[in-house]
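Accompanying notes for the structure given below.
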């Protein structure tokens, strides 16, 4: 086997699921996500990536995925298409709380949905997400907070949830501000 073929197989095996999930999250269509997946790995063949380590390769693949999704969105602005979710026979009912949560995530605006996906599904830190999306880390944290608040509203969360999650449960005195 050729080195590029080995690299492609390894990249698809180790990072293919992350590329596909990000594409699916961003495109909201299985067919579009599959197209993006294919395009990203075809672009990898054109790169001199034989000396890239695993983290660099993964970051490049995810950045390439974001770029390709952006390209398709621009194309769709010029040529609108019928969304797959609008077809009645493809509507699936959520079977668990997880499905309900990810359906709510899918309803978020793209600029909130992508950081949520990268943070929770892919396990990236806010600094890494900032690098992937070319935005400041503070912006990523703001978008994550806004997305959580929007999900809280969409899912009808408990108003007292913040109190339960607080690290100051009375066992330790709350820190005082200097006066």
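Observations on the model:
- Looking only at region 38-54, residues that are in contact with a helix residue (DSSP H, G or I) (Cβ under 9 Å, 6 or more places away or on another chain) and either modelled with pLDDT under 85 or surrounded by fewer than 21 Cβ atoms within 10 Å (Cβ to Cβ) (or both) come to 9 in all.
- Residue that is surrounded by the most Cβ atoms within 10 Å (Cβ to Cβ), among those in region 137-179 that are modelled with pLDDT of 60 or more and over 23 Å from residue 106 (Cβ atoms): 137
- From the options 92, 23, residue that is modelled with pLDDT of 85 or more and either under 27 Å from residue 112 (Cα atoms) or outside any helix (DSSP H, G or I) (or both): 23
The values are calculated or read from the model by the stated rules, or taken from the named source; none is laboratory data. Source: prediction; values computed, not measured. Positions of Cβ are backbone-derived with ideal geometry, glycine not excepted, and every protein chain shown enters the neighbour counts.
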